[in-house]
Number of protein chains: 2
Amino acid sequence: MFELDMRSRKPIYEQLVDKMKELIMNEVLKPDEQVPSVRTLATELTINPNTIQKAYRELETQGFIYSIKGKGSFVNPNHKIRDSEKIKTIKQELEKLILEALFIGISVNELIQTIQELDSAKGGGDEND
Amino acid sequence: MFELDMRSRKPIYEQLVDKMKELIMNEVLKPDEQVPSVRTLATELTINPNTIQKAYRELETQGFIYSIKGKGSFVNPNHKIRDSEKIKTIKQELEKLILEALFIGISVNELIQTIQELDSAKGGGDEND
DNA sequence: TAAGTGTACTATGATTCATAATACAGTTGT
DNA sequence: ACAACTGTATTATGAATCATAGTACACTTA
C-alpha cells in the first residue's frame, strides 16, 4: 500500500502523512472508509507502531482522518470546511513556491495549465465559488 | 535585514535560506551584489558563523549565490538556466500543494489570480513562452 | 603585513526521529 | 465473560540533526 524511503532525510511519519493525504485526496480512500489499523500497518511496513500513531495523530490534526478508540481510524468526509487557518498556511506556501517557479523561468501559462489539469483530473465534482 | 524565529521548529539556517531567496527573487538584492559576509551577518544576528556558512552553502548549491574565497559571496545573475532537475522538483512540490489547495476548497480561479498577481508584481521584465 | 573574506574540521549539548516494551481503554464477536 | 481486535499513553534508548564554540587554513585587498 505504501512505499517508504528509509534512507530519505524526510522522517518516515511525514512520508506516511503525505502518502495518506494523496490517497485520500485522490479518493483512493473513500470518505468514512477505514484505514489500516496502527498495528496492522506497522507489521506490513515493518516499522514501529508508535511511528504509525504519530502519522495518524498528525493526519487527524490536519483533518484528513478521525479515530475512534476501539474501532479504528477512518477517512474524514468533512472537507470543504474552509478551515481559515489551514487555507492561510497553504496559500502562503503556495505563493512562495509560485514565486520561485516564476523566478527560475516557468511560465504563467505553464502554471495555469498545471492547475487546470489537476482540477479536471480530480473528479470535477463541484465548481463552486 | 533578517528576522529569525529562534523558537520555530524550522532550523535557523533554513529560515536564512528562505529569507535570502525571497530577497533575491524580489530583486531587493540585485545580481552580482555582495551579500553580507559570514562573520558580519553572524554578528548582526547573534548566531554562529557556522550556521550562516551552512545557509550560504545551501544557497550556492541552489544557484542563488556564488562565493569567491577572500572576496565574498554575491547574488548569482545566471537564473533562467532552466536547471531541469530543479524545475522537476519545484513542479512536483507545486503539484502536491495545488492538489491540496483544490481539495480543501480553494477555487481554480483563486489560484490563477494568485499566479497572475505574483507575476505582475515581479518586474514583468520578460514575458516569454 | 594586517584585516577582511570563504572554507574546513573537531567537539559538545539540545532536540528530534525511530525504536522497544508496556500499559490502559474501548469495541466486537463468540 | 472472554478473547481479540482497535486507539492511546508513557518511559527509555540509540542515532541523527541542529546550533554552538574554537581553531585553522587559503585567498584578496589596502
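Pairs B:10/B:30; A:96/B:122; A:122/B:10; A:30/B:91: which are spaced more than 24 Å apart, C-alpha to C-alpha?
Going by Cα-Cα distance, B:10/B:30; A:122/B:10; A:30/B:91 fall outside the 24 Å limit.
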Cα pair count fraction exceeding 28 Å, expressed as % - the protein assembly as shown | 47
How large is the accessible surface per residue of chain B, computed with a 1.4 Å probe and reported in Å² as a whole number?
-> 61
Once you have the alpha carbon radius of gyration of chain B, what is it after dividing by 2.2 N^0.38 Å, with N set to its residue count?
-> 1.22
What is the distance, in nm, between label points placed 7 Å from the Cα along the Cα-to-Cβ direction at residue B:78 and at residue B:6?
-> 3.9
What number, in percent, do you get for the relative contact order of chain A if the mean sequence gap of Cα pairs under 8 Å and at least 6 apart is divided by its residue count?
-> 20
Check residue A:65: other-chain or 5+ apart residues with amide H under 5 Å from its amide H, H built from backbone geometry?
-> A:60, A:76
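With each run of n ≥ 4 DSSP H residues scored as -39500 (n - 2.57), what mean residue ellipticity at 222 nm is computed for chain B after dividing by its residue count and rounding to the nearest 500 deg cm²/dmol?
Roughly -17000 deg cm²/dmol at 222 nm, from the helical runs in chain B.
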Considering the dipole of the protein assembly as shown built from charges on the beta carbon (Lys and Arg +1, Asp and Glu -1) around the Cα centre, which of A:116, B:25, B:35 is farthest to its positive end?
-> B:35
For helix A:12-25, report the angle its Cα long axis makes with the longest principal axis of the Cα atoms of chain A; keep it between 0 and 90° and round to the nearest 10°.
-> 70
Under a point-charge model restricted to the Cβ atoms of Lys and Arg (+1) and Asp and Glu (-1), what is the dipole moment magnitude of chain B relative to its Cα centre, in debye to the nearest 20?
-> 700
How fast does the range A:12-75 diffuse by Stokes-Einstein, in µm²/s, taking the Kirkwood radius from C-alpha pairs at 37 °C and 0.692 mPa s?
-> 284
Taking 0.36 nm per residue of separation and subtracting the Cα-Cα distance, what length does fully extending residue A:71 through residue A:18 add?
-> 16.7 nm
So for the pair residue A:37, residue B:33, with labels modelled 7 Å out along Cα→Cβ, what separation do we get in nm?
-> 6.0
What does the charge dipole of the protein assembly as shown about its Cα centre add up to, to the nearest 20 debye, if the Cβ of each Lys and Arg holds +1 and the Cβ of each Asp and Glu holds -1?
-> 1280
Report, by chain and number, residues whose modeled amide H sits under 5 Å from the one on residue A:29, excluding near sequence neighbours (fewer than 5 apart, same chain).
-> A:24
Could you look at the protein assembly as shown and say what percent of its accessible area is carbon and sulfur, using a 1.4 Å probe and all protein chains?
-> 46
What nm distance separates the two modelled labels at residue A:116 and residue A:85, each placed 7 Å from Cα along Cα→Cβ?
-> 3.7
On complex formation of A with B, accessible surface lost, both sides summed, probe 1.4 Å, nearest 100 Å², amounts to 4300
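The values are calculated or read from the model by the stated rules, or taken from the named source; none is laboratory data. Computed from a prediction, not measured in an experiment: that's the story for all the values here. Counting neighbours? That spans all protein chains shown, and the Cβs are built from the backbone with ideal geometry, glycine included. Note: accessible area is taken over every heavy atom of the protein model, side chains too, but ligands, DNA and RNA are not part of it. Shrake-Rupley method; radii C 1.70, N 1.55, O 1.52, S 1.80 Å.
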